[in-house]
Amino acid sequence: MQQALNRKPVIIVTAADLAPQAVALLTDYELVYAGKTPQVPDLIALAWRHDPVAYIVRYSSITAELMDASPSLKVISKHGSGTDTIDKDAARARGIAVTAAVGVNAAAVAEQALAMLLACAKSVVQLNARMHAGHWDKASHKSLELGGRTIGLIGLGAIGQRFAKMADAMGMRVIGFDPFAKNLLAYIQAVDLDTLWREADAISLHCPLTAENKQLLNADTLARCKKGVIVINTARGGLIDELALLAAVRGGQVAMAGLDSFGVEPMTVPHIFHDQPGFILSPHIGGVTSDAYVNMGVAAAKNTLAVLQSHAPVAA
């Protein structure tokens with residue numbers, strides 16, 4: 001351990017960078033960057049070298065083994081809202097706080113979900129490819145009109161409700177399932193999952209990944225949906241049984257799937273979705289905009305400081 005040799009306590013950032021606005025808040029700490037795609041062994045090596053008081057987590061998992069390699073660790077601060085890559089039980093057992101930048105990327109992720117929905121309904125990607133190949137499909141192509149159709153949202157937190165507002169503005173009927181949501185806006189109709197599967201023309205996932213909802217979309221639940229349903233996922237890949245979704249798209253039960261997250265990230269190569277008609281894919285960038293990058297960084301820094309300052313010794 002080299003913590004005693006450092007002039008400042010160390011915060012490890014599990015990425016290659018952090019917004020300058022966030023860095024400016026952390027001048028009392030030495031920031032150590034783990035690189036673009038850090039893996040747990042890389043972080044463990046850094047932990048033994050620096051004995052960090054905090055992690056700001058953009059990429060990689062934070063495991064019990066990593067916590068044990070960081071005896072001065074006080075807080076694990078997620079640069080975003082999803083904390084499923086952090087072993088929260090292990091953190092709780094060790095008295096380590098876990099925080100998240102909840103809601104600060106809501107606009108960015110909701111816009112990505114809308115972009116995915118529109119791309120699926122309007123065949124944007126396919127028609128673009130056809131046009132570049134010299135085709136003119138006006139006489140044969142029919143897009144899907146979303147106005148008057150039903151969107152089913154699973155998860156009605158900041159992102160889900162932001163997306164609901166957009167869908168309502170397009171004239172869609174908005175139904176949603178979230179056992180924890182309160183004070184829903186008037187145009188959101190709360191329903192149970194059976195109703196959502198049965199009535200939704202499109203389903204968009206906006207919930208955290210938990211042990212209870214892992215592979216929520218699977219062969220059974222997809223079979224209960226309307227034939228030709230559109231599936232959008234800008235939340236967590238583990239919410240979907242990917243093999244079941246592939247079969248549902250190939251069989252026509254799912255018309256299109258717009259996916260921004262996957263069971264294993266970065267996506268394995270080759271992947272079962274590669275070169276498959278009916279899939280529009282993006283590399284988990286729903287929350288990655290210039291504005292969200294700053295907002296998430298600042299929120300993560302503030303959350304980190306709030307915990308560290310609560311542990312600071314009181315001057316005599």
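The values are calculated or read from the model by the stated rules, or taken from the named source; none is laboratory data. As the structure is a computational prediction, the values presented were derived from the model and not from experiment. Cβ: placed from backbone, ideal geometry, glycine included. Neighbour counts: every protein chain shown.
Only helices (runs of 4 or more DSSP H) whose full extent lies in segment 134-245 are considered here, and the ones with at least 3 residues that are in contact with a strand residue (DSSP E or B) (Cβ under 8 Å, 6 or more places away or on another chain), small (Gly, Ala, Ser) and closer than 20 Å to residue 108 by Cβ are 158-169.
Selection of first residues in segment 130-157 that are over 19 Å from residue 169 (Cβ atoms) and not assigned by TED's automatic domain parsing to the domain that holds residue 174 and of second residues that are part of a loop (DSSP other than H, G, I, E, B) and among the β-branched types (Val, Ile, Thr), restricted to Cβ pairs under 8 Å at least 6 apart or on distinct chains, gives an empty result. Looking at the structure I just gave you, is residue 214 closer than 23 Å to residue 256 by Cβ, outside the structural domain of residue 89 (by TED's automatic domain parsing) and not acidic (Asp, Glu)? For residue 214, the condition - closer than 23 Å to residue 256 by Cβ, outside the structural domain of residue 89 (by TED's automatic domain parsing) and not acidic (Asp, Glu) - is not met. Restricting 262, 273 to residues that are assigned to a loop (DSSP other than H, G, I, E, B) and touching a His at 6+ places or on another chain (Cβ under 9 Å) narrows the list to 262.
Summed over segment 260-292, residues that are in contact with a strand residue (DSSP E or B) (Cβ under 8 Å, 6 or more places away or on another chain), touching a residue at least 60 places away in the same chain (Cβ under 8 Å) and of a type outside the set (Ser, Thr, Tyr) total 2.
The numbered conditions (1) in contact with a His (Cβ under 6 Å, 6 or more places away or on another chain); (2) of a type in the set (Asp, Glu); (3) surrounded by fewer than 18 Cβ atoms within 10 Å (Cβ to Cβ) are all true for residue 199 except (1).
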